[in-house]
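One structure is given below, encoded as structure tokens.
The values are calculated or read from the model by the stated rules, or taken from the named source; none is laboratory data. Keep in mind that what you see is a predicted model, and the values were worked out from it rather than measured. Note that each Cβ is placed from the backbone with ideal geometry, even for glycine, and that neighbours are counted across all protein chains shown.
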Amino acid sequence: MHIYIFGANQAFNPILPATGEIIWSVISFVVLLALLVKFAFPPVKKIMTDRTAKIRSDIEAAEMARLEAERVLAEYRSQLEEGRKEANRLVDEARKTAGLVREDLLKRAQEEAADIKRRADESLIIEKERVMSELRSSVGDLAVELASRVISYEIDRVSIDPLVVQFLSEVGATTK
Amino acid sequence: MFLLGSINFPPIGELLNWKSILFGGSALALNKIGLITIAAAVVTIVMFGLAGRGAKLVPTGLQNVVEYSVEFVTNLIVLDAMGPEGITWVPWLVGMFFFILFSNLFEVIPFIQMPATARTSVTIPLALISYITFVAVGIKKQGFGKYLKGALIPKGVPLPLLPLLIPLEFLSTFIVRPFALAIRLFGNMLAGHLLLVTFAILSEALFVKSLLLIALPLPFAMLVVVTGYEIFVSALQAFIFTTLTAVYIGEAMAGDH
């Protein structure tokens with residue numbers, strides 16, 4: 001009984017809508033829209049706006065951090081420069097001070113050395129004089145003793161030496 | 001025709017006349033078309049529900065797809081057709097887009113292979129909802145008189161032409177628009193469905209008939225190509241329907257265009 005090609009069947013018109021289909025499609029579409037608008041869409045939209053806000057704030061924060069970093073860097077640079085100057089100044093000062101100290105020490109050492117030398121010289125002179133005087137006295141003693149010994153020897157010899165006797169007589173003769 | 005005589009092309013009516021599964025005989029009769037529209041709605045809701053529930057700041061998987069589609073509707077449909085004040089319509093239009101898209105896509109889903117939108121029972125209500133919405137928006141935003149005046153009387157038209165133009169504008173805005181919306185979607189999807197059915201029946205018939213087996217690759221290749229093409233058409237028709245709705249609502253909101 002079905003001998004028709006496309007569309008020949010008049011029992012069911014493919015263009016006319018069917019009541020049940022209309023009702024179900026309208027129900028599903030309206031329920032979909034209601035659920036979507038009320039519940040399902042807002043979280044998705046929220047995360048998207050959150051992301052946009054986060055990206056924006058991240059970019060702003062990054063920009064601020066960059067500016068802050070630049071500021072800090074400049075500050076550090078100037079501090080570093082100041083520190084370097086200060087260090088140079090300190091080193092110069094230390095060098096100067098060290099020079100002064102060295103000169104002072106040198107001077108004092110020289111003075112001390114001179115002092116020591118002077119004192120040594122002085123004590124040397126004193127010692128020398130003491131030794132000389134000692135020597136002098138002992139030389140005197142020795143000379144006296146020698147002289148006395150020579151004299152006693154001479155006196156002994158007078159008794160035995162005719163020459164002396166003669167000399168003595170001659171001396172006596174001339175002194176007369 | 002002799003060789004193909006035994007190929008039984010079913011009548012279109014038979015391809016579209018689905019038996020009711022529930023509530024048969026009553027006005028609430030639920031058949032395959034009704035199930036497909038329910039499935040389209042459920043898939044959309046589940047998709048957004050899952051994407052929104054596990055929403056992360058760095059999106060992955062499904063969330064990416066959903067967010068991309070929202071952005072697509074926002075940028076390419078709403079902002080283009082309605083401007084920034086149309087942004088409140090985004091969820092509404094996203095729902096419409098996905099409902100139509102999934103209703104269309106069941107055309108190529110194996111074992112279902114029926115676009116719900118190949119029935120005027122689905123496209124006419126959708127077009128009517130779109131129609132009622134844009135008319136309501138126009139009246140609410142501009143007031144009845146001003147909206148009607150803006151819609152019917154084009155600016156800068158000489159007075160003598162108005163008697164001719166007003167009926168034309170009325171016809172185009174208030175009668176042709178919803179009709180065209182419904183028929184465009186219905187016609188495209190029905191045609192696609194019939195193409196797929198035709199090539200499927202041809203392939204099946206040639207597979208059985210030994211002599212004509214050599215000709216099988218042709219309709220089968222066409223079946224594959226048309227299936228791919230229908231996926232494209234599904235997305236395109238959903239896009240067109242949603243865009244036109246957005247344009248109409250945007251027009252009603254803005255008034256004079």
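Within the set B:167, B:178, B:160, the sole residue that is more than 30 Å from residue B:111 (Cβ to Cβ) and surrounded by 13 or more Cβ atoms within 10 Å (Cβ to Cβ) turns out to be B:178. Selection of the stretch A:16-44 for residues being facing chain B (nearest Cβ under 7 Å), part of a helix (DSSP H, G or I), out of contact with any strand residue (DSSP E or B) (no Cβ under 7 Å at 6 or more places or on another chain) and not β-branched (Val, Ile, Thr) yields A:21, A:25, A:28, A:29, A:32, A:33, A:35, A:36, A:40, A:41, A:43. Do we find a residue being part of a helix (DSSP H, G or I) and touching a helix residue (DSSP H, G or I) at 6+ places or on another chain (Cβ under 7 Å) anywhere in the stretch A:142-158? Looking through the stretch A:142-158, at least one residue is part of a helix (DSSP H, G or I) and touching a helix residue (DSSP H, G or I) at 6+ places or on another chain (Cβ under 7 Å). Residue B:20 passes every criterion in (1) more than 8 Å from chain A (Cβ to nearest Cβ); (2) in a loop (DSSP other than H, G, I, E, B); (3) modelled with pLDDT of 80 or more apart from (1). Residues of the stretch B:184-232 that are hydrophobic (A, V, I, L, M, F, W, C) and part of a loop (DSSP other than H, G, I, E, B): B:216 alone. So residue B:43 clears everything in (1) without any contact (Cβ under 8 Å) to a residue 60 or more places away in the chain; (2) facing chain A (nearest Cβ under 7 Å); (3) touching a Phe, Trp or Tyr at 6+ places or on another chain (Cβ under 9 Å); (4) not in a loop (DSSP other than H, G, I, E, B) except one condition, right? Which one? Of (1) without any contact (Cβ under 8 Å) to a residue 60 or more places away in the chain; (2) facing chain A (nearest Cβ under 7 Å); (3) touching a Phe, Trp or Tyr at 6+ places or on another chain (Cβ under 9 Å); (4) not in a loop (DSSP other than H, G, I, E, B), only one is false for residue B:43: (2).
For the stretch A:46-82, how many residues are polar (S, T, N, Q) and more than 30 Å from residue B:53 (Cα to Cα)? Write out each step before concluding.
Keep residues of the stretch A:46-82 that are polar (S, T, N, Q), which gives A:49, A:52, A:57, A:78-79.
Filter once more, so that each one left must be more than 30 Å from residue B:53 (Cα to Cα): A:78-79.
Matching residues across the stretch A:46-82 total 2.
Checked against the criterion of being over 20 Å from residue B:14 (Cβ atoms), crowded, with 16+ Cβ neighbours inside 10 Å and under 22 Å from the mean Cα position of the chain (by Cα), the stretch B:192-211 contains not a single residue that satisfies it. On inspection, residue B:136 fails the criterion of being assigned to a helix (DSSP H, G or I), surrounded by 15 or more Cβ atoms within 10 Å (Cβ to Cβ) and aliphatic (A, V, I, L, M).
Screening the candidates B:55, B:29 for the property of being more than 25 Å from residue B:183 (Cβ to Cβ), buried (at least 18 other Cβ atoms within 10 Å of the Cβ), at the interface with chain A (Cβ under 7 Å from one of its Cβ atoms) and free of Cβ contacts under 8 Å to residues at least 24 places away in the same chain yields one hit, B:55. Any residue in the stretch A:79-99 that is within 14 Å of another protein chain (Cβ to nearest Cβ) and either within 30 Å of residue B:29 (Cα to Cα) or not in a loop (DSSP other than H, G, I, E, B) (or both)? For the stretch A:79-99, residues within 14 Å of another protein chain (Cβ to nearest Cβ) and either within 30 Å of residue B:29 (Cα to Cα) or not in a loop (DSSP other than H, G, I, E, B) (or both): absent. Would you point out the residue of the stretch B:58-92, among those that are more than 10 Å from chain A (Cβ to nearest Cβ) and among the charged types (D, E, K, R), that is farthest from the chain's Cα centre (by Cα)? Going through the qualifying residues, I end up with B:85.
Please verify whether the stretch B:215-231 includes one or more residues that are more than 14 Å from chain A (Cβ to nearest Cβ), touching a residue at least 24 places away in the same chain (Cβ under 8 Å) and among the aromatic types (Phe, Trp, Tyr). It would help to see each step written out before you state the result.
Filtering the stretch B:215-231 for residues more than 14 Å from chain A (Cβ to nearest Cβ) gives B:215-231.
Restricting the remaining residues to those that are touching a residue at least 24 places away in the same chain (Cβ under 8 Å) gives B:223, B:226-227, B:229-231.
Still in the running and among the aromatic types (Phe, Trp, Tyr): B:229.
Within the stretch B:215-231, one or more residues are more than 14 Å from chain A (Cβ to nearest Cβ), touching a residue at least 24 places away in the same chain (Cβ under 8 Å) and among the aromatic types (Phe, Trp, Tyr).
On the basis of being more than 28 Å from the chain's Cα centre (by Cα), buried (at least 18 other Cβ atoms within 10 Å of the Cβ) and touching a residue at least 60 places away in the same chain (Cβ under 8 Å), does residue B:252 make the cut? Here the answer is no, as residue B:252 does not meet what is asked.
Is it the case that some residue within the stretch B:89-103 is exposed (fewer than 15 other Cβ atoms within 10 Å of the Cβ), of a type outside the set (D, E, K, R) and within 23 Å of residue A:30 (Cα to Cα)? Full working, then the answer.
Initial filter on the stretch B:89-103 (exposed (fewer than 15 other Cβ atoms within 10 Å of the Cβ)): none.
No: zero hits.
Going by the conditions given, is residue B:150 under 27 Å from residue A:30 (Cα atoms) and surrounded by 14 or more Cβ atoms within 10 Å (Cβ to Cβ)? Against the criterion (under 27 Å from residue A:30 (Cα atoms) and surrounded by 14 or more Cβ atoms within 10 Å (Cβ to Cβ)), residue B:150 does not qualify.
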